[in-house]
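Enquirer: Shown below is the structure under consideration.
Throughout, read-outs are computed from the coordinates displayed, never taken from laboratory work. All values derive from a computational prediction rather than experimental measurement. Cβ sites come from the backbone with ideal geometry, for glycine too, and all protein chains shown count toward neighbours.
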Amino acid sequence: MERNTSAPAANASLIERRSIDYIPDAERHGSLFSQFTLWFGANLQVTAVVVGALAVVLGGDVFWSLIGLLIGQVIGGAVMALHGAQGPQLGLPQMISSRVQFGVYGAIIPLVLVCVMYIGFSAGGTVLAGQAIGALLHTDNTTSILIFAALIVLLTGFGYRVIHAMGRVSSIVGTLAFLYLFASLLHGHAPETLLANRHFTVASFLLAISLSASWQIAYGPYVADYSRYLPKSTSARKTFFAVFSGTVIGAQVSMTFGVLAAALAGERFSGHEVGFIVGLGATGAIAAVLYFTIALGKLTITTLNAYGSVMSVAAIVTGFGGQREISSRTRLVFVLLSVAASSGLALAGQHSFLKAFSSFLLFLLVFFTPWSAINLVDYYWVTRERYDVPALFDVNGRYGRWNVTGITVYALGVLVQMPFVATGFYTGAWVDALGGVDVSWIVGIVVPGILYYAMSRLGRSQAPERVASEAMPNAD
């Protein structure tokens, strides 16, 4: 992976001082390699293992589940990485750019849903992290979850630099741990025998694709948050491939382990994921290291979620207030509220995690595939990467309070998926006719993408002649 570094930033403080405001050139820093390690390390974790296992638990075989998961990683990872490539060019958190497509006030609609996503993912991860910490420290689940929550608050308070450092550590620790886990799991089992487990069905195959695609697409609303400090000269194409390769490889490794574990262990795995993983021939010090690895993986991704929630809540508040940033004290309050909400859900739902998380993950696609389609079509094909950054913070500016086109297409993008949705929350009218297959995410990408492009071309262009960012003031 090619490194792309700049001179040390003017202010290299460990504690981040910016929130949603524009990152000026003098403070840009980092490398493409850090994008790879962040997303590689963030995906080498137990929740991704659980998602991979669901492909088998819900009826799939080994061979076609692995193929389906890989296809979903590539499709969803491409969508996610296209968002990530926006970071160095705009120097802003991901969801702020939604003000171009929805208006300064209108962008609050997807922002609220994003906050729900962060809290839900954090709650699911906290359940598994609590199991690992409890086993490592010999504490009960409630105490373990509270310890984990305190660590999340601390790390999120440090911000961008610490999060990327955690990604580098997680990449190394996770790689070593998964090498050990694969060796232990496959001991006495020939891989070719497992791969011979084939009974292809369209429904199971598409389910596997949907699981991994939804996993990747769900990163879309915050991926640019972690690339926005890169130097503006950083190649968008290279940023895409750094993010894409890290997230696809990391997630596929974890999900492959989940598929194999579910196929070999059956009921011994489902509902007891952490205990099964650590029990793979590990005792004493090795078991302790594996529990630590599981907790570290969840710590990394849950810190990403908490940090992202701060960006989203700040974007909501400043959208109404006309501000360009929030104070450090306000930021801490937002972190505490977010972590408290996710921890409360984790404590309440820790005994029914697997089924609830499956439904939650798939249902998220209904709301985030239209947002992704609209954002990407606008950025790459309508405005062609030309944003008026100061206008994003001005309700009377170029983008206005409400963008009727974006909001209308988004609503249609959600509604058009409903007949095709098949989750524990809701099942659409056409699902049975399609053999129980959920194809809503495909409809949710294609239909709103085409509609937004067509309607935008008919309307008046909101794109400036070039990217406008120089007028943004520096923070004190």
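Enquirer: Report the Stokes-Einstein translational diffusion coefficient (µm² s⁻¹, integer) for the chain, Rh taken as the Kirkwood radius over Cα pairs, at 10 °C with viscosity 1.306 mPa s. All intermediate terms of the calculation are to be shown ahead of the outcome.
Expert: Details: Rh = 22.5 Å.
It diffuses with D of about 71 µm²/s by this estimate.
Enquirer: Between exposed GluC sites (Glu not before Pro) in the chain, where DSSP calls loop and at most 13 other Cβ atoms lie within 10 Å, what's the longest gap? Kindly include the intermediate steps, with their values, before the conclusion.
Expert: Values: sites that count: GLU2, GLU465, GLU470.
Formally, the longest exposed-site-free interval is 3-464.
Enquirer: Using label points projected 7 Å from each Cα along Cα→Cβ, tell me how many nm separate ASP394 and ARG198, to one decimal.
Expert: Roughly 6.2 nm, to one decimal.
Enquirer: Can you give me the long-range amide H partners of GLY103? Hydrogens built in the peptide plane at 1.01 Å from N, cutoff under 5 Å, separation of 5 or more residues or another chain.
Expert: So GLY103 has HN proximity to ASN403.
Enquirer: Remind me, relative contact order of segment 27-458 in percent, using alpha carbon pairs under 8 angstrom and six or more residues apart? Don't skip to the answer; put the middle values down first.
Expert: Values: 736 pairs, mean separation 143.6, N = 432.
About 33 percent, as a whole number.
Enquirer: Take the alpha carbon atoms of segment 172-195, find their center, do the same for segment 374-442, and report the distance between the two centers in whole angstrom.
Expert: 40 Å
Enquirer: Let me ask something else. With θ taken as phi - 60° and the coefficients 6.51, -1.76 and 1.60, list the Karplus ³J(HN,Hα) couplings across segment 102-109 in order, rounded to whole Hz; mark glycine and proline as x.
Expert: 10, x, 4, 7, x, 5, 5, 4
Enquirer: Hey, another quick one. How far apart, in nm, are two points set 7 Å out from the Cα along the Cα-to-Cβ line at ALA340 and at ALA287?
Expert: The two pseudo-label positions are separated by 3.7 nm.
Enquirer: What is the local net charge at GLY52, summed over the other residues whose Cβ is closer than 15 Å to its Cβ (Lys, Arg +1; Asp, Glu -1)? Show your work: numbers first, answer last.
Expert: On the way: positive: none; negative: ASP61, GLU273.
For residues surrounding GLY52, the net value is -2.
Enquirer: Amide H of ASP388: which non-local residues (sequence gap of 5 or more, or other chain) have their own amide H closer than 5 Å, using H built in the peptide plane?
Expert: ALA468
Enquirer: Turning to a different aspect of this structure: Please give me the summed charge of the neighbours of TYR379: other residues whose Cβ is under 12 Å from its Cβ, Lys and Arg +1, Asp and Glu -1. Don't skip to the end; give the middle numbers.
Expert: On the way: positive: ARG384, ARG386; negative: ASP378, GLU385.
With Lys, Arg at +1 and Asp, Glu at -1, the net is 0.
Enquirer: Within segment 167-210, report the chymotrypsin sites (Phe, Trp or Tyr not before Pro) that DSSP leaves as loop and that have at most 15 other Cβ atoms within 10 Å. Each step should come with its number before you reach the end.
Expert: On the way: sites: PHE178, TYR180, PHE182, PHE200, PHE205; in loops: PHE200.
Taking segment 167-210 and a limit of 15 other Cβ atoms within 10 Å, the loop chymotrypsin sites (Phe, Trp or Tyr not before Pro) found are PHE200.
Enquirer: Right, next: Whole angstrom only: what separates the Cα centroid of segment 272-311 from the Cα centroid of segment 25-69?
Expert: That distance is 14 Å.
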